[in-house]
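Novice: Encoded as structure tokens, here's the structure I'll be asking about.
The values are calculated or read from the model by the stated rules, or taken from the named source; none is laboratory data. Small disclaimer: the values here were computed from a predicted structure and weren't measured. Quick reminder, even Gly has a Cβ in these numbers, built from the backbone with ideal geometry, and neighbours come from all protein chains shown. These accessible areas exclude ligands, DNA and RNA; they are computed on the full protein's heavy atoms, side chains included. Shrake-Rupley method; radii C 1.70, N 1.55, O 1.52, S 1.80 Å.
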Amino acid sequence: MPDLPDVLARPPWPPARRRNVLALAVPAREPRLVWESGQEHAWAHPGGGADRKLELREREEILTKLETKDIVRIDAATNLEKSDLLRAMQTCEPRFLEHYGIVRAALAKFGLEVLDVIFEVAKRAPSCALEAFLRVDSVEVAARIEDEEMLARWAGAHAETAALAFLPSALGSESAERKRAMRFLARLRREGHETAIRAAAASYGGAASAEIDALFAPEPLPSRAPSLPSFVDLASLPMPKIRADAIGDEARERLVQLLSLLPLGAARDAIATVRAVCEPESLAALGGTLADRWALAGAETKHKWAILAAGALGDDMVARKLADWTTLWANEGSHARSRLALDALSLIATASTIHAVPPSADPALGFRAVPPSADPATVALMHIDRIARTMKGALRANANATLELIAKERNLTHDELGDRLVPTLGLDPSGSTWLDFGTRRFRVSFDEALLPELFDESGERLARLPRPTKSDDAERASRAVATFKGLQSDAKKIAPDQVRRLERAMCTQRAWSAADFRGFFLEHPLMLHLARRLVWLGESGATFRVTEDGGFAGEDDREVPLGEERVRIAHPIALGARAATWSALLDDYRIVQPFPQLAREVFALDEKTAARSSLDRFEGRAVAGERFYSLRHRGWGFHDYAIGKPIRGGFLAMLETEPGLDFLASRPPDQTLCELSLRRGSGGPATFGELDPIDASELLRDVELL
């Protein structure tokens, strides 16, 4: 019997903790007003002028105008006496209270004396009342505000006072009021006010603090095993293994019960101990099967744990399935299911690389360690990145949020994160892999567009993968066919983004350290195919290409020594006359480039153009509306009929068109180009000669290619 982790070896369900019901009373606390700098005076004098005395006849005239919806001066409306302001608060329409700042003026001038009237105003002009309540620090506000959203906004501004008001109900006996108080405490904690809640609890004594400690502790596993839905047939589920030995029926049932509690944090922690010792492939099979059966059973969100289980246990193959479901369901309009699939994919993406055997362990343990080339997290990240680039709406926003979180944690730009998102697809160091049919083998490599190429064992190019025959090993051939389909699918999805990313790096002259250049290109079996087809430029000024044997050769085809200097993809402007030499050399070797580098159109500025801040060279040219979409990949953005491109150095280029681009339209109308102008981020005009020559050339090329 394998050595089971504790959560599977014995029932992991802890005894239930009984809540200590407390009888607390909200303490009396003197209310106070809290003003921001200069705010009290600004509210009391919204017209900006000094107070002026008003005769009784004039006050009555002002009040009559307010009540009959006539226009008066703001200073006149707010320089009334206390009784008049109270009358206005009780009779004026909400829009007039807001426009003239009546409630603000009353609070600033007369303070807490007008609080009762503001509570009345809250029923018909909640926004005006809330603005005033945010300045009042008092437990009475918590007791008397009826609107939950308004109360939550106030509580966020006065967290400790709000917690003092909520805690007696939250720590008291079960009731609707307790549930309400718990909602507010949970929201305060989410908004970062846990310290204020704990301070308020401490003022009620040690018992209250102990209950808050228990309340804020991670939710534990339940005290009894959860029941499983009917689509879970335990006997037919794949069996996880440890050292090639099955963990057993009872342990499998406990594992599925733990999975059924996802996304509970305690369940994730318990599952992590199982992942650490079980064969990754066997766990992935279990997670994938649970997700399949959930989908076949109707994919009810109340059993979302089944698809989250695929994320908690999944490998690179499961990641592909979840990515396909994410886009499929989104396109079908099943947005809740699509979000769940993305959530599951994110679980794989944010997990550590699953190593069944530590790198220093003895491989004789009997099961496959997951090599870096098959890292599930990398594959999942790659698919999330694709979803963020190609999908729309909330799904795109959610995918971008996941990527931004990961980039922030690692202090990376989006393109720097992109360097780390490229899966190696299980390729060997040469950038290829073998498909084993048993009696026959076929080699897979990749072309300049990162599309798979097939060769037989003699090196002859094949148009397609041959069908398995009777002489082949059926199991090996089936696995090989599935592997090739996976390579085709992944390559088709990731190739365009990788090519665009490197082209963008050339245009912005992004550089890599020597270590990153080795890791992201020379030692990366997929990106190596692109690296070999480009001309690179070192800090020393030396240009080189990556040879088939991993060396560096210059334009004279001699070896180029490359130390620890930074390198970048050479732009033809930086190459100058050397571009023609390099072009001839790559032609001799029949090297096809992944994007226009040496054959790229370049544009130099003459003195007259360099001195200008706007150009009319494109005016009058007709462009099909859909052509403008191509500019998105080159850094252009579209907002309210304007089209612009931010450029290094704090510049912004703007291209005007007629009749104007409305990107809310299903198909933008055809356009006529107008002026191309350049300005600084601060708004002032800039001349084109201030741009880096490469940036200027790329800007003009973008528009010319339209």
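Novice: If the reach is capped at under 25 angstrom between alpha carbons, list the lysines near Lys645, excluding any in the same chain fewer than eight residues apart.
Specialist: Result set, ordered by chain and number: Lys392, Lys408, Lys608.
Novice: I would also like to ask the following. Test of understanding: what is the full-extension gain from Ser614 to Thr547, defined as 0.36 nm times their sequence separation minus their Cα-Cα distance?
Specialist: 19.7 nm
Novice: Something else: How do 166-175, 212-221, 684-693 rank on mean C-beta neighbours within 10 Å, highest first?
Specialist: 166-175, 684-693, 212-221
Novice: Separate question: Going down the list Lys241/Lys304; Lys65/Lys109; Lys123/Lys302; Lys241/Lys321, which pairs span over 29 Å between their C-alpha atoms?
Specialist: Lys123/Lys302
Novice: Which length gain, in nm to one decimal place, applies between Asp292 and His99 when the Cα-Cα distance is subtracted from 0.36 nm times their residue separation?
Specialist: Here the segment from Asp292 to His99 would lengthen by 63.7 nm.
Novice: Further, regarding this structure: What is region 435-551's relative contact order, in percent, from Cα pairs under 8 angstrom and six or more apart in sequence?
Specialist: Once divided by the residue count of region 435-551, the mean separation gives 22 percent.
Novice: So for each of 437-446, 401-410 I average, over its residues, the number of other beta carbons within 10 Å; can you give me the resulting order with the highest mean first?
Specialist: Result, highest mean Cβ count within 10 Å first: 437-446, 401-410.
Novice: Please give the length that would be gained between Arg396 and Arg32 if that part of the chain were fully extended, namely 0.36 nm times their separation in residues minus their C-alpha to C-alpha distance (nm, one decimal).
Specialist: 126.5 nm
Novice: How much accessible area per residue does the chain have, counting only protein heavy atoms and a probe of 1.4 Å, in square angstrom?
Specialist: 49
Novice: Leaving out ligands, DNA and RNA, and with a 1.4 Å probe, what % of the accessible surface on the chain is carbon or sulfur?
Specialist: The value for the chain is 50 percent carbon and sulfur by accessible area.
Novice: What FRET efficiency do you get for Arg10 and Glu219 if R0 is 25 Å and r is their Cβ-Cβ distance, rounded to the nearest 0.05?
Specialist: In this case the efficiency is close to 0.75.
Novice: Also, quick follow-up: If contacts are Cα pairs under 8 angstrom and at least 6 residues apart, what is the relative contact order of the chain in percent?
Specialist: Relative contact order for the chain comes out at 7 percent.
Novice: Pull up all non-local amide H partners of Ile647: gap of 5 or more, or a different chain, and H-to-H distance under 5 Å with H placed in the peptide plane.
Specialist: Here the answer is Leu652, Ala653, since their amide H atoms fall under 5 Å of that of Ile647.
Novice: Moving to a separate point now. For region 159-298, rounded, prolate or oblate, judged on the Cα gyration tensor with a ≥ b ≥ c (square roots of eigenvalues), a/c < 1.5 rounded, else prolate if a/b > b/c?
Specialist: prolate
Novice: Same structure again: For a Förster distance of 60 Å, can you work out the FRET efficiency between the beta-carbons of Arg190 and Asp556, rounded to the nearest 0.05?
Specialist: 0.40
Novice: Would you calculate a helix-derived [θ] at 222 nm for the chain, using -39,500 (n - 2.57) for each DSSP H run of n ≥ 4 and dividing by the full residue count, to the nearest 500?
Specialist: -14000 deg cm²/dmol
Novice: Once both labels are modelled 7 Å past Cα along the beta-carbon direction, what's the Leu522-Arg73 spacing in nm?
Specialist: Distance between label points: 7.9 nm.
Novice: Viscosity 1.306 mPa s, temperature 10 °C: give me the Stokes-Einstein translational D for region 435-480 in µm²/s, with Rh taken as the Kirkwood radius over C-alpha pairs.
Specialist: D, rounded to a whole number, is 143 µm²/s.
Novice: Tell me the relative contact order for region 563-706 as a rounded percent, counting alpha carbon contacts under 8 Å between residues six or more apart.
Specialist: 28
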